[in-house]
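Here the structure comes first, spelled out in structure tokens, and everything after it is commentary.
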Amino acid sequence: MKRLFWLALFLWLAVNLLTLTGYPGVWVDEILSADAGIHLAQGKGFVSAGWFNQPSTELWASYPPLYALLLAGWLKLFCITAFVVRVFGLGLIAVSLLMILLCLKRLEDHTTSLTIILALAVCEPLAFLERAGRPDSVSVFLLCATALVFVERTWRWREIVLFVLGLLAVPAALQYAAFVVILGALLQIWFRAFTRREIMIWIAGAATGAAVLAGVYAGHHVLRIFLESTVASTHSSAGRLLQSLLLKNGATAFVPSDILTAPLRDYASPVLIVSGIAAWFLAKRSKHSLAQKLAGFGVACAIVIPIAIQLLGKYPIYYAYMGTVPATVAILAAWRRLGHRTVTAVILLLLLMGGAGRFWWKAWNQGTQTVYESLSHVTEEDTVVADYPTYYSLLGHVQELFAVGYAGGKVMPHFPPDQAARVNKIFVRDSLFTTVAKRVGGQWQRISEVIVLRHESLTDEIVIDDDTRKPVVERIGIYARTGGNKNLSASGAR
């Protein structure tokens, strides 16, 4: 069993690496998350030229900074490409799984531990974070490190490490800090897992981290930006509630359908909830108290955590690890204690089919992206606004690069005038050109286009559309500034 486990884990890592840039394609969250780290790695400071609400001339504060800071160090060691950025997240998830394995070895029999690790590796939330280039991979790492500290009670520097992990919680993500509190409460209710001293040490670390972060932002006059982009954002329930109360804008804070469907946000959750309820009833009938307690805890995690996080903010697929990770561990542990190996195997298969297997299949079919002929249209003196698929191909080859989402928010509806005056090329899908041109201003002419072409994985074959029998391409128009008009208007755009 042990050899099969390590073989399976090796295959999981290998297939992920081979399909890492196939699915999803380079997307908005990936660039927004990485941009400040990329600028820092390039020696341009901790700034971002991708966010809609903050200029690239001030300290980036639109999201907690830990992921971007760590990513900058990683990119300094290697190079700046989509593959390298995604390998960073994949590596964090891989190390996290190994830490969970160490935890489970203290608590479970060896066979159960290996099964749980494989289930976590392939479940949809972690399978997505392994390749999405989002900051949540750092949160998963901190979660698993915290669990390991609680299990390894004999470590000499344990309390100091626990304080540091609390210190990093808010700089990692506000929703992660809230999640740890909710998960800790559930663990305390079911298992009395922590001492009062342990709880206070982590809380003291989290409070210190929040205070330090707020102090740094206040010192750079960007604390308001941070608060507007996080706790007061219209993307969250709490943000809409605050805006409704303070601004009287009538925003609907809580959408009942979003709250009720939060526990079903990913493919893994329905499998875990149904199997957890079945395990609870079976354990109750067979009077297996520990299995019943584990199953009940797992179902509570799969239902309570998503609803609570949705009420506090939002619960998209990249937050779904919060409910799925503890639920998977507890429910599979319950089934193994009940002695139902067949059920455990079926759960593992369903998690694979709805998670990593589905992503691998999509990545294999979509292949990798290549942006052709982009560099032939720019020089090192150009300042460019780039659509997300062309971002990495242009990076480092132009004087200044803005992501397509830069500006356009209520706080910053247009490019700052001095930056707008410098932009002389726009690489963007034609459907977005008018919107981008409004933010930049001036007159523009479409001079060419670049093709984002997909290849079959591991080969140089071009993906052919089954209906048209033509290569699968995405056309991105190249627009050049014409005339000397620098006014913030797109009236002359064509």
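The values are calculated or read from the model by the stated rules, or taken from the named source; none is laboratory data. Predicted model, so just to flag it, every value in this text is computed and none were measured. No Cβ is skipped: glycine too gets one built from the backbone with ideal geometry, and neighbour counts run over all protein chains shown.
A few comments on the model shown:
- Within region 68-87, residues that are not assigned by TED's automatic domain parsing to the domain that holds Leu395 have Cβ atoms under 6 Å from residues that are of a type in the set (Val, Ile, Thr) and not in a helix (DSSP H, G or I) in these pairs: Ala82/Thr21; Ala82/Val26; Phe83/Thr21, counting only partners at least 6 apart in sequence or on another chain.
- Selection count, region 292-344, where residues are of a type in the set (S, T, N, Q) and within 18 Å of the chain's Cα centre (by Cα): 2
- Any hit, region 426-433, residues being in the same structural domain as Asp387 (by TED's automatic domain parsing), modelled with pLDDT under 95, of a type in the set (D, E, K, R) and outside any helix (DSSP H, G or I): yes
- Meeting the requirement of 1 or more residues that are of a type in the set (Asp, Glu), the helices (runs of 4 or more DSSP H) wholly within region 156-258 are 158-167, 196-219, 223-229.
- Residue match in region 172-181 (condition: assigned by TED's automatic domain parsing to the domain that holds Leu349, surrounded by 15 or more Cβ atoms within 10 Å (Cβ to Cβ), touching a residue at least 12 places away in the same chain (Cβ under 8 Å) and farther than 24 Å from Lys314 by Cα): no
- Filter result for Gly408 (out of contact with any Ser or Thr (no Cβ under 9 Å at 6 or more places or on another chain) and surrounded by 13 or more Cβ atoms within 10 Å (Cβ to Cβ)): no
- Criterion: over 23 Å from Met322 (Cα atoms), surrounded by fewer than 17 Cβ atoms within 10 Å (Cβ to Cβ), assigned by TED's automatic domain parsing to the domain that holds Arg106 and of a type in the set (Phe, Trp, Tyr) - qualifying residue of Trp190, Trp157: Trp157
- Residue match in region 18-25 (condition: over 15 Å from the mean Cα position of the chain (by Cα) and not in a loop (DSSP other than H, G, I, E, B)): yes
- Taken together, the residues in region 398-453 that are under 16 Å from Thr57 (Cβ atoms) and aromatic (Phe, Trp, Tyr) amount to 3.
- When the residues of region 434-451 are filtered to those that are over 14 Å from Tyr406 (Cα atoms) and surrounded by 22 or more Cβ atoms within 10 Å (Cβ to Cβ), the one that is modelled with the highest pLDDT is Trp444.
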